[in-house]
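Single-structure report; data block below.
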Amino acid sequence: MRKRLYHRGYNVELADEATEEYSARVGGKRVIGSLLGVKQSIDWWCDTNILREPDDFEKQDFADAKNKKIEEYKGIQIMNDSEDDDKAWYMIIQGNLLKGSLPALKQFVDKNVPTK
């Protein structure tokens, strides 16, 4: 008996136990790859109606910012991922993303954020 999963309306089944490859029929074609890759293909198909192979997702490589600056101000982290832009500072307060220059963000914190 094969291992089967159900993801966003599509049946995903274990194609090869030795290599842990899963398969699913998406958009009339069969996609084969890792479980995560097959699920990402299904998600991509459901969201955009464009078929992408599971291998396409595994090739993506996201590099972190090399010179990420973080400043702690009154218990709030203010961050900058850009080296050359002084207005690329940002912070997240109560689920809201605020962007701007460092002095402007500090001024906002002083005026609007209650501190303990």
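How much FRET efficiency would the formula 1/(1 + (r/R0)^6) give for residue 2 and residue 55, where r is the Cβ-Cβ distance and R0 is 30 Å, rounded to 0.05? The formula returns an efficiency of 0.85 here. The Cβ shell under 14 Å around residue 18 holds other residues with a net charge of -2, Lys and Arg each +1, Asp and Glu each -1.
Take every Cα-Cα pair in segment 69-112 and report what % of them are more than 11 Å apart.
Details: 588 of 946 pairs.
The share of Cα pairs beyond 11 Å in segment 69-112 comes to 62 percent.
For segment 37-48, putting each phi into the Karplus relation 6.51 cos²θ - 1.76 cosθ + 1.60 with θ = phi - 60° gives couplings of x, 5, 5, 5, 5, 5, 4, 4, 5, 5, 7, 10 Hz, in residue order, rounded to whole numbers and with x for Gly and Pro. Amide H contacts under 5 Å for residue 21: 15, 16, restricted to partners 5 or more places along the chain or on a different chain, H placed in the peptide plane at 1.01 Å from N. Here the chain is treated as an ellipsoid with the same Cα gyration tensor; its semi-axes, largest first and in whole Å, are 45, 16, 13.
As I understand it, the value is the acute angle between the Cα axis of helix 102-112 and the longest principal axis of the Cα atoms of the chain; what does it come to in degrees, rounded to 10? Computed tilt is about 80 degrees. Computed from backbone phi with θ = phi - 60° and the Karplus coefficients 6.51, -1.76 and 1.60, the 3J(HN,Hα) list for segment 18-33 is 5, 9, 6, 9, 10, 9, 8, 9, 10, x, x, 10, 9, 10, 10, x Hz; x is used for glycine and proline. Between residue 93 and 98, the built amide H atoms are under 5 Å apart, and every one of these is 5 or more places off in sequence or on another chain. Taking every C-alpha pair closer than 8 Å and separated by at least 6 residues, the mean separation divided by the residue count of the chain gives a relative contact order of 11 percent. Calculated [222 nm] ellipticity per residue, helices only, for the chain: -7500 deg cm²/dmol; basis is -39500 (n - 2.57) per DSSP H run with n ≥ 4, divided by all residues, nearest 500.
Mean shadow of segment 4-58, computed from the convex hull of its alpha carbons, in nm²? It would help to have the intermediate numbers written out before the result.
Details: hull surface 13.2 nm².
Taking a quarter of the hull surface, the average projection is 3.3 nm².
Between residue 110 and residue 98, the simple label model (points 7 Å from Cα in the Cβ direction) yields a spacing of 1.3 nm.
Only Lys, Arg, Asp and Glu carry charge here, each on its Cβ (+1 for the first two, -1 for the last two); on that basis the chain has a dipole of about 600 debye about its Cα centre. Put simply, the amide H of residue 73, placed in the peptide plane, has neighbours under 5 Å in 78, leaving out anything fewer than 5 places away on its chain.
Subtracting the Cα-Cα distance from 0.36 nm times the residue separation, let me have the gained length for residue 17 to residue 84 in nm, one decimal. Provide the component values of the computation, followed by the final result.
Working: separation 67, 0.36 × 67 = 24.12 nm, distance 5.01 nm.
Gain in length upon complete extension: 19.1 nm.
Readers should treat all values here as calculations from the given coordinates under stated rules, not as data from a laboratory. These numbers were taken from a predicted model, which means no experiment stands behind them. Every residue, glycine as well, gets a Cβ built from its backbone with ideal geometry; the counts of neighbours run over all protein chains shown.
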